[in-house]
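Asker: I'd like to ask you about the structure that follows.
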Amino acid sequence: MPFKTKAQHLAAIVVALPSTLVGQATFPPHRWEFGAVAGHVTADGNDFQNIKDAFGYGGVLHVQVVRGFSAGLGIHYSDHGLVGLPEHLHIRAVYAEGRYRWRVARSPISAFLGVRGGPVHEDITIVHWKGKGTVLGITTGLNWQVAPHLGIELQAGESALRFGDIRGADGSIMPGTAARGSSLDVHAGLFAWF
């Protein structure tokens, strides 16, 4: 196929894609939604200057409360290296999340905006230090329902982290070590509706 014909064919697909998405039949709504996500996670702020970015994992279960609004429970895990040190910082969180979702031009793609918050736990390896705190953040993204019970999601979120004093492996408390910072995450995931 000549280059010009290939280019014309590609241009026709690009031009037709938005109308194709809008023209696709939308699937009936579902009450429950389960998703697994993975992606890039940062740890930023004055108290987190020596913490490296990480690859994070998570999952969330949502139930539709009223049309467009859902409530859910999620988990997060990421393993951050420390600059110049052999230790790693493991961050685990359990959070409640509320979302508002709306369809994009009657297509199978929907956008969402949500808030999340809950307890967070940090564990510094080798030295066995642990800390507990809270996380509060916002999330937004796009969800593409590719089949009646299956969808792909892209999401980004920004969260504020606040930890308390660190506890040693022997149960001792090291006061004055509380840390505050923020975390930016960009995730992709696979979602199932039922």
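What follows is calculated from the coordinates using simple rules that are stated; it is not laboratory data. In this text the structure is predicted, and so the values were computed from the model without any measurement. Heads up, the Cβs are rebuilt from the backbone with ideal geometry, glycines too, and the neighbour counts pull from every protein chain shown.
Asker: Once you put a point 7 Å from the Cα of Leu85 and another 7 Å from the Cα of Asn50, both along the Cβ direction, what distance in nm separates them?
Answerer: My value for the distance between the label points is 0.5 nm.
Asker: Can you tell me the relative contact order of the chain? Whole percent, Cα pairs under 8 Å, sequence separation 6 or more.
Answerer: 21
Asker: Among 173-180, 35-42, 103-110, how do they line up from the highest to the lowest mean number of other beta-carbon atoms within 10 Å?
Answerer: Ranked from most to least packed, the peptides come out as 35-42, 103-110, 173-180.
Asker: Let me ask another. For the chain, what is the mean residue ellipticity at 222 nm derived from helices alone (per DSSP H run of n ≥ 4: -39500 (n - 2.57); sum divided by total residues; nearest 500 deg cm²/dmol)?
Answerer: -4000 deg cm²/dmol
Asker: When volume of the Cα convex hull per residue in Å³ is calculated directly from the model, which label among (1) 159; (2) 144; (3) 125 fits?
Answerer: Matching entry in (1) 159; (2) 144; (3) 125: (1).
Asker: Quick one: what are the phi-derived ³J(HN,Hα) couplings along segment 84-90, Karplus 6.51/-1.76/1.60 with θ = phi - 60°, whole Hz, x for glycine and proline?
Answerer: x, 10, x, 5, 10, 9, 9
Asker: In segment 156-194, whose amide N lies under 19 Å from the spot 7 Å out along Cα-to-Cβ of Leu136? List them in ranges.
Answerer: Once the point is set 7 Å along Cα→Cβ of Leu136, 157-165, 178-185 turn out to lie under 19 Å by backbone N, inside segment 156-194.
Asker: Right, next: Please work out the C-alpha center-to-center distance from segment 159-194 to segment 127-153 and express it in whole Å.
Answerer: Value for the Cα centre distance between the two parts: 14 Å.
Asker: In nm, give the distance between the simple-model label positions of His40 and Glu158, each being 7 Å from the Cα along the Cα-to-Cβ direction.
Answerer: 1.6
Asker: Quick one: what are the phi-derived ³J(HN,Hα) couplings along segment 186-194, Karplus 6.51/-1.76/1.60 with θ = phi - 60°, whole Hz, x for glycine and proline?
Answerer: Going residue by residue, I get 10, 10, 10, x, 10, 10, 10, 10, 7 Hz, with x marking Gly and Pro.
Asker: Can you work out the Karplus-derived ³J(HN,Hα) for every residue in segment 162-176? Use 6.51 cos²θ - 1.76 cosθ + 1.60 with θ = phi - 60°, whole Hz, and x for glycine or proline.
Answerer: Running phi through 6.51 cos²θ - 1.76 cosθ + 1.60 with θ = phi - 60° gives 9, 10, x, 5, 7, 10, x, 5, 8, x, 5, 9, 9, x, x Hz.
Asker: In degrees, nearest 10, range 0 to 90: what is the angle between the Cα axis of helix 3-23 and the longest Cα principal axis of the chain?
Answerer: 80
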